[in-house]
Amino acid sequence: MEEDAISNLSLRLKLNLTVWEFVLPETPSLPAVFGISDTVIEDRFGVKHGTAEWYEALDQHFKWLLQYRISPYFCKWADGMRVLTYTCPWPADHPKSDEYFSDPRLAAYAVPYKQVVSGNDAAKDYLQKQVEILRTKNHWRKAYFYLWDEPLNLEQYDSVRNMASDIHAYAPDARILTTYYCGPNDAPLAPTPFEAFVKVPSFLRPHNQIYCTSEWVLGNREDLVKDIIAELQPENGEEWWTYVCMGPSDPHPNWHLGMRGTQHRAVMWRVWKEGGTGFLYWGANCYEKATVASAEIKFRHGLPPGDGVLYYPGEVFSTNQPVASLRLERLLSGLQDIEYLRLYASRYGRDEATALLDRMGVYFGPERYTHEHMPIDAMRGQIFNLCR
């Protein structure tokens with residue numbers, strides 16, 4: 001049948017549905033922040049940075065992604081993996097800012113370190129003005145600054161610390177997030193790479209609050225989590241988040257093409273079991289550059305198929321709305337599973353909720369989890385029956 005052809009074929013299907021009397025919380029319990037490349041949007045849709053069409057395109061992507069229980073941030077990479085991240089393209093004194101940040105579906109938002117659209121303010125004046133406005137708002141608790149993606153050497157780590165010092169001069173309670181999988185390679189913090197990785201919090205403190213580590217570093221050694229957590233100071237507001245990207249690879253949970261459906265869903269089961277309080281994904285629309293909205297979608301050379309791409313431009317499929325991948329749908333299911341586990345934990349404790357994953361045959365570890373969906377449905381049913 002030709003694409004988009006209309007068919008008179010009709011089918012009659014019998015469906016059995018079970019509806020639990022349980023409403024997921026509107027605000028996700030786990031902040032899951034996902035990068036959206038503004039450059040990809042600008043190139044593919046032909047919108048110039050800072051124009052009315054540009055704001056409209058970003059606004060469409062932001063609103064569409066909220067339905068998947070993720071907190072989007074737009075991003076632009078610079079030299080050395082420095083990254084400009086922002087959830088709202090409008091400045092803090094614009095009405096749209098409050099609209100975005102007060103949305104109950106948004107669990108966390110990125111504040112830009114510098115101007116997203118060029119203006120008259122000097123860099124530090126702009127930063128101070130934005131922070132002073134946002135700190136007066138109830139949604140400030142959702143705010144974070146993501147300044148550098150995976151620093152590798154002393155110069156890059158020092159850049160993070162210097163930028164964080166600028167921010168904390170205006171907002172001592174601001175949260176700085178840094179993703180990393182190693183310490184500075186030209187100034188070892190410990191004798192072995194993993195020991196140096198574990199020591200990053202003591203090296204970055206007090207400039208960093210959210211330590212976001214690669215799941216790839218852990219491999220199948222869940223016992224190493226305790227070494228990471230032991231270095232943190234939650235009493236001082238420090239958090240441990242995780243991320244996946246090129247790695248880990250099969251059989252570990254990730255969102256690469258060719259992986260099982262439950263393998264995609266297991267990314268969030270792993271987050272729950274290991275005890276992370278947030279999650280980051282580097283890019284959801286990072287396909288190869290194109291200058292026509294309906295151009296063929298190509299994955300970036302050198303990355304595992306599917307890495308950095310969780311939804312597609314709708315124009316490729318004759319619609320003007322983005323189109324979700326199955327992997328994005330499975331991510332949503334995984335985030336919903338976390339809400340079920342959180343409900344169970346509120347009644348019986350976190351340890352019991354984690355044990356339930358094992359007892360129901362859903363998730364044992366990064367290399368052992370169900371390949372079928374029946375155990376997941378059974379777990380959800382048990383949670384509802386025990387908690388209603």
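If you split all Cα-Cα distances of the stretch 32-326 into 5 Å bins from zero, what percentages do you get per bin, shortest first?
The distribution over the stretch 32-326 is 1, 5, 12, 16, 18, 17, 14, 10, 5, 2, 0, 0, given as percents.
When only the heavy atoms of the protein chains count and the probe is 1.4 Å, how do V323, V292 rank by accessible area, highest first?
The ordering from most to least exposed comes out as V292, V323.
For Cα pairs less than 8 Å apart in space and 6+ apart in sequence, what is the mean separation divided by the residue count of the stretch 80-122, i.e. the relative contact order in percent?
Relative CO of the stretch 80-122 lands at 46 percent.
Along the charge dipole of the chain, pointing to its positive end and built from +1/-1 on Cβ of Lys, Arg, Asp and Glu, which listed residue (P248, G80, S102) has its Cα farthest out?
Among P248, G80, S102, the one farthest towards the positive end of the dipole of the chain is S102.
How would F299, F317, F34 rank on accessible area, largest to smallest, probe 1.4 Å?
Result of the area sort, largest leading: F317, F299, F34.
So what is the orientation-averaged projected area of the stretch 239-358, using the convex hull of its C-alpha atoms, in nm²?
8.6
Once the whole set of protein chains is in place, how much accessible area is left on D351, using a 1.4 Å probe, in Å² to the nearest 10?
For D351, solvent-accessible area is about 130 Å².
Taking K and R as +1 and D and E as -1, what net charge do the other residues with C-beta under 13 Å from the C-beta of H373 add up to?
Value of the local net charge: 0.
So which residue, out of P151, P251, P72, gets the largest mean-square fluctuation from a GNM of the chain using Cα contacts under 10 Å as springs?
Among P151, P251, P72, the largest GNM mean-square fluctuation belongs to P251.
Want the number for L386 to A78: 0.36 nm per residue separation, take away the alpha-carbon distance, what's left?
105.8 nm
Would you mind listing how long the stretch 288-376 runs along its three principal axes, going by Cα atoms, in whole Å with the largest first?
Principal extents (Cα only, largest first): 53, 28, 21 Å.
Determine the shape class of the stretch 57-195: with a ≥ b ≥ c the square roots of the Cα gyration tensor eigenvalues, call it rounded for a/c under 1.5, and otherwise prolate if a/b is greater than b/c, oblate otherwise.
Prolate shape, in that a/c is at least 1.5 and a/b is the bigger ratio.
Students sometimes get this wrong: rank E288, E339, E21, E42 by accessible area, probe 1.4 Å, all chains present, largest first.
E21, E288, E42, E339
Which whole-number percent gives the relative contact order of the stretch 32-326, counting Cα pairs below 8 Å spaced six or more residues apart?
Relative contact order of the stretch 32-326: 16 percent.
How would the stretch 180-230 be classified by its alpha-carbon gyration tensor: rounded, prolate or oblate, with rounded meaning a/c under 1.5 and the a/b versus b/c comparison settling the rest?
Since a/c reaches 1.5 but b/c is at least a/b, the shape of the stretch 180-230 is classed as oblate.
Have a look at P375, M163, V267 and report the one farthest towards the positive end of the charge dipole of the chain, computed about the Cα centre with Cβ charges (Lys/Arg +1, Asp/Glu -1).
Checking the options against the dipole of the chain, the answer is P375.
Can you name the helices of the chain, as whole DSSP H runs, whose Cα span along the helix axis is 15 Å or more and whose Kyte-Doolittle mean is not below -0.5?
Membrane-span-like by this criterion, though nothing is claimed about a membrane: 52-66, 123-134, 326-348, 374-387.
The values are calculated or read from the model by the stated rules, or taken from the named source; none is laboratory data. In this text the structure is predicted, and so the values were computed from the model without any measurement. A quick note on method: Cβ atoms are made from the backbone with ideal geometry, for glycine too, and the neighbour counts reach across all protein chains shown. Heads up: the accessible areas ignore ligands, DNA and RNA and are worked out on the full protein's heavy atoms, side chains in. Shrake-Rupley method; radii C 1.70, N 1.55, O 1.52, S 1.80 Å.
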